[in-house]
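See below for the structure under consideration.
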Amino acid sequence: MAETRPNTVRLQRLVRAYRESAALMAAVELGVFTKLARGADTEEALIAALGLVPPNGERIVVACIGLGLIERHGDRLRLAPDVERFLVEGDAAYAGPWMLFTKPDWNEWGRLADHLRRPGPPVVDNKSVAEMTVEEARRYHRATYSIGLGAGRLFARQVDLSAARLMIDIGGGSGAYCIGACRANPELRAVVLDLPPVVEVARGFIAEHGLSDRIDAVACDFNKDAFPGGADVAVMASNLPMYGREQIAAVVAKAFGALKPGGSFHLVGEALNADRTGSADAAMWGLAQTLNASTGIAHSVTECVGYLNAAGFEAVGVEPFVPGVLERIHGHRPS
Ligand SMILES: C[S@@+](CC[C@H](N)C(=O)[O-])C[C@H]1O[C@@H](n2cnc3c(N)ncnc32)[C@H](O)[C@@H]1O
């Protein structure tokens, strides 16, 4: 068979992918998908509903169609199924804030090579969260909550917590995992461990669910402070690439110490596959840490299994959590 000659198609798509990101973010900010869902379902109607100076409305609508976010069906426009489920404001699963979560990094990605060339050792205190004000924590966690609530529900479906009485959530953010777990398991109590401004924000989310009597939020820098003991379950979710191998191994060992014998630990993270060939998404989360000059990297599932084994966990395994996005590496403290 004739060898296919390489062309530049893939490279061109990659090198201009930032335009696609910008189009999606702008569409969320302008409420394009919400307006369509609420009735502006022809090209003319949607352009008019946006109220932009011509031809800007046409440009963003055509871009969304070109990206497959909006589909044409005859004269009508329809949202793609993922857009319909997650990007219509006011709907339960609305994840618009999560779509804009990394936007503050936008300008610095344009200077990535300069950041990569920066001399000097990485800093353990991750600057993306270390000096956060309560207001910044609120913006950050409005975004994590908009996607985390679904992840919390998924965790409670995937992991049998029926016999558990105390769960700790290390770097628990908005409390989404504790909220999901406690709603599904009436006997469960939980503690969100996070940095002081985040704890204040988490308490608000917990109160919204009427769970303040069962979920506590406690200030704790997981690299420096002790964890409360006697837990049946410990979770650490979506902060894996923020720290290097030494820090993650130390946190996993501390989680082991916080668990009762027989208790389980779940590291839910953006991890590379065993041969470190992907996912691209996990690799990008690691690369993003360059902007923070942090110790963070993309860890592989094999490395994560190694952290759990080294800490003393047994029956260590890996499950896809959100396939292609998050893995769940889990183990038990021996009984
Ligand atoms: C992307 S958020 C994930 C939040 C939550 N686990 C979830 O999945 O919804 C990362 C969280 O880790 C927390 N975090 C990062 N470094 C921390 C540290 N050294 N000590 C405590 N929390 C930390 C952040 O404040 C933030 O809440």
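The values are calculated or read from the model by the stated rules, or taken from the named source; none is laboratory data. This is a predicted model, so every value here is computed, not measured. Positions of Cβ are generated from backbone atoms using ideal geometry, with glycine treated the same way; all protein chains shown enter the neighbour counts. Please note that ligands, DNA and RNA were not included when accessible areas were found on the heavy atoms of the full protein model with its side chains. Shrake-Rupley method; radii C 1.70, N 1.55, O 1.52, S 1.80 Å.
Which residues, counting only those in region 146-194, are touching a residue at least 40 places away in the same chain (Cβ under 8 Å) and away from the ligand (no atom under 15 Å from the Cβ)?
If the condition is that a residue be touching a residue at least 40 places away in the same chain (Cβ under 8 Å) and away from the ligand (no atom under 15 Å from the Cβ), then LEU161, ALA163, ALA164, ARG165, LEU166 are the ones that fit.
Out of (1) modelled with pLDDT of 95 or more; (2) loosely packed, with under 12 Cβ neighbours inside 10 Å, the odd one out for LEU112 is which?
With respect to (1) modelled with pLDDT of 95 or more; (2) loosely packed, with under 12 Cβ neighbours inside 10 Å, LEU112 is out only on (2).
Condition (residue is crowded, with 19+ Cβ neighbours inside 10 Å and assigned to a helix (DSSP H, G or I)) applied to region 187-197: is it met by at least one residue?
Looking for residues that are crowded, with 19+ Cβ neighbours inside 10 Å and assigned to a helix (DSSP H, G or I), one finds at least one in region 187-197, hence yes.
Go through region 299-321 and give me each residue that's open to solvent by 50 Å² or more (accessible area, probe 1.4 Å) and under 16 Å from the mean Cα position of the chain (by Cα). Step through it out loud before you land on a result.
Taking region 299-321 as the starting set, the residues that turn out to be open to solvent by 50 Å² or more (accessible area, probe 1.4 Å) are 302, 309-310, 314-315, 318-320.
Within region 299-321, just PRO320 meets the criteria.
Can you tell me which condition VAL134 does not meet? The list is (1) within 13 Å of the ligand (Cβ to nearest atom); (2) crowded, with 21+ Cβ neighbours inside 10 Å, and all the others hold.
Here VAL134 meets the rest and fails (2).
Which of the residues that make up region 70-91 are surrounded by 16 or more Cβ atoms within 10 Å (Cβ to Cβ) and either part of a strand (DSSP E or B) or more than 27 Å from the chain's Cα centre (by Cα) (or both)?
Matches in region 70-91: ILE70, LEU77, LEU79.
I'd like to check something: does region 115-123 contain any residue that is closer than 25 Å to GLY229 by Cβ and open to solvent by less than 50 Å² (accessible area, probe 1.4 Å)?
Keep residues of region 115-123 that are closer than 25 Å to GLY229 by Cβ, which gives none.
Looking for residues that are closer than 25 Å to GLY229 by Cβ and open to solvent by less than 50 Å² (accessible area, probe 1.4 Å), one finds none in region 115-123, hence no.
Give me the pairs: first residue in region 211-226 and basic (Lys, Arg), second residue open to solvent by 50 Å² or more (accessible area, probe 1.4 Å), beta-carbon distance under 7 Å, and six or more apart or on different chains, which are they?
Close Cβ pairs (under 7 Å, with a partner that is open to solvent by 50 Å² or more (accessible area, probe 1.4 Å)) amount to ARG214/ARG189.
Results for (1) of a type in the set (Ser, Thr, Tyr); (2) at pLDDT below 95, shown as yes or no for each residue.
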| site | (1), (2) |
| --- | --- |
| MET1 | no, yes |
| THR8 | yes, no |
| GLY31 | no, no |
| ILE65 | no, no |
| ARG76 | no, no |
| TRP98 | no, no |
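Could you tell me whether region 253-262 includes any residue that is in the same structural domain as GLU131 (by TED's automatic domain parsing), within 15 Å of the ligand (Cβ to nearest atom) and under 18 Å from the mean Cα position of the chain (by Cα)?
Looking through region 253-262, none of the residues is in the same structural domain as GLU131 (by TED's automatic domain parsing), within 15 Å of the ligand (Cβ to nearest atom) and under 18 Å from the mean Cα position of the chain (by Cα).
Just need a number here: residues in region 205-221 that are part of a helix (DSSP H, G or I) and in contact with a helix residue (DSSP H, G or I) (Cβ under 8 Å, 6 or more places away or on another chain).
Initial filter on region 205-221 (part of a helix (DSSP H, G or I)): 205-208.
Imposing the further condition that a residue be in contact with a helix residue (DSSP H, G or I) (Cβ under 8 Å, 6 or more places away or on another chain) reduces the set to 205-206.
Here the count works out to 2.
Check ASP125 against each of (1) charged (D, E, K, R); (2) within 13 Å of the ligand (Cβ to nearest atom); (3) touching a helix residue (DSSP H, G or I) at 6+ places or on another chain (Cβ under 8 Å) and name the one condition it does not meet.
That leaves (3) as the condition not met.
Does ASP221 satisfy being within 7 Å of the ligand (Cβ to nearest atom), surrounded by fewer than 16 Cβ atoms within 10 Å (Cβ to Cβ) and under 27 Å from MET284 (Cβ atoms)?
yes
Taking region 273-298 on its own, how many of its residues are outside any loop (DSSP other than H, G, I, E, B) and either of a type in the set (A, V, I, L, M) or crowded, with 18+ Cβ neighbours inside 10 Å (or both)?
Number of matching residues: 13.
Take region 266-298 and flag every residue that is farther than 29 Å from GLU131 by Cβ and more than 18 Å from the chain's Cα centre (by Cα).
Across region 266-298, the qualifying residues are ALA274, ASP275, ARG276, THR277.
Considering only region 132-144, I want to know if a residue exists there that is touching a His at 6+ places or on another chain (Cβ under 9 Å), part of a loop (DSSP other than H, G, I, E, B) and touching a residue at least 60 places away in the same chain (Cβ under 8 Å).
Within region 132-144 (the criterion being touching a His at 6+ places or on another chain (Cβ under 9 Å), part of a loop (DSSP other than H, G, I, E, B) and touching a residue at least 60 places away in the same chain (Cβ under 8 Å)), the answer is no, since none of the residues qualifies.
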